[in-house]
1. Beyond a 26 Å Cα-Cα separation, which of these cross-linked pairs lie in this structure: 12/65; 65/119; 3/187; 3/203?
2. Using a simple spin-label model with points 7 Å from Cα along the Cα→Cβ vector, what separation in nm is obtained for residue 144 and residue 218?
3. With each run of n ≥ 4 DSSP H residues scored as -39500 (n - 2.57), what mean residue ellipticity at 222 nm is computed for the chain after dividing by its residue count and rounding to the nearest 500 deg cm²/dmol?
4. Checking a compactness column here: for the chain, what do you get for Rg(Cα) / (2.2 N^0.38 Å), N being the number of residues?
5. How large is the translational diffusion coefficient of region 148-226 in µm² per second when you combine the Kirkwood radius over alpha carbon pairs with Stokes-Einstein at 10 °C and 1.306 mPa s?
6. In whole Å, how far is the Cα centre of region 125-156 from that of region 9-52?
7. Label 7 Å along Cα→Cβ of residue 115; region 42-58 residues with amide nitrogen under 14 Å?
Amino acid sequence: MFKIDQYAYANKLRQMHPGEKFAFALLTMTICLAAPVPLVHLVVIMLMAGMVVLRAGIPARFYCKLLALPLSFLLLSVLAVCVSVTSHPGVPVYGPVIHGYAVGVTLAGLYQAGLILGKSLAAVSCLYFLSLTTPVVEIISLLRRLRLPSLFLELMGLIYRYIFVVMETADRMYISQSSRQGYASLKTAYHSLGQLVSNLFIKSYYRSSALYTALSSRGYTGDLPVLDNSFRLSGRNIIFIFLVELFLAGLAWHYWRWPF
């Protein structure tokens, strides 16, 4: 079981209504995606970090490791936005000139890259809050109450659960290869990795067929009924969510219209 799934079942916000957590994450993410205001993105990142670490009790070190994963991809992605190549002399580019072309960064490019980075990281932090505090079973149950297609929800649940099977199979194969010096050098590492990926695909296909056969033998007709836990809506939490979203919306509106 992944650490994310473990913390989703064992955190201080476990008994909070899933609808409240879902609404809080969705509304906050909508505001930060709609508002091109860096200050709002920074506030959302800090707010979600405080909710996850201080309120839910998730270790700060683990949360920082989770944020470091998308941050590394985002930093590589925004490089394409930062770097500009132009031959127009009126565009201020800070960088060398190579054969009449200025290669470097512009102030507009740096601002746009920072805006994309902050907006993406803020949206990811909202999703981390929901995934670290709410089990997938409860999220699927909530989406079912919102009348989402049952086929989509069943596929969502099966794919999520099957991730653990694939990861366990890959881990066992990697341990087996490592015990036979399969990663002793770069050449053998590439060869072992290729074998791992190809065999993992075959084993995953076989396990998925066996899973479908097991479900069909137990009367599976496209629906997996589960027992839902009972939660009570909290007026204090609803007021808190309303005030936070109102503050973020007001902050976004103010700095969007009057940046200074």
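Values in this text are rule-based calculations from the coordinates and carry no lab data. Quantities reported herein were computed from a predicted structural model and do not represent experimental measurements. Using ideal geometry, Cβ is built from the backbone for each residue, glycine included, and neighbour counts are taken over all protein chains shown.
1. Listed pairs above 26 Å: 3/187.
2. Distance between the two pseudo-spin positions: 1.4 nm.
3. -24000 deg cm²/dmol
4. It is 1.30.
5. 109
6. Between the Cα centres of region 125-156 and region 9-52 lies a distance of 16 Å.
7. Output list for this probe position: empty.
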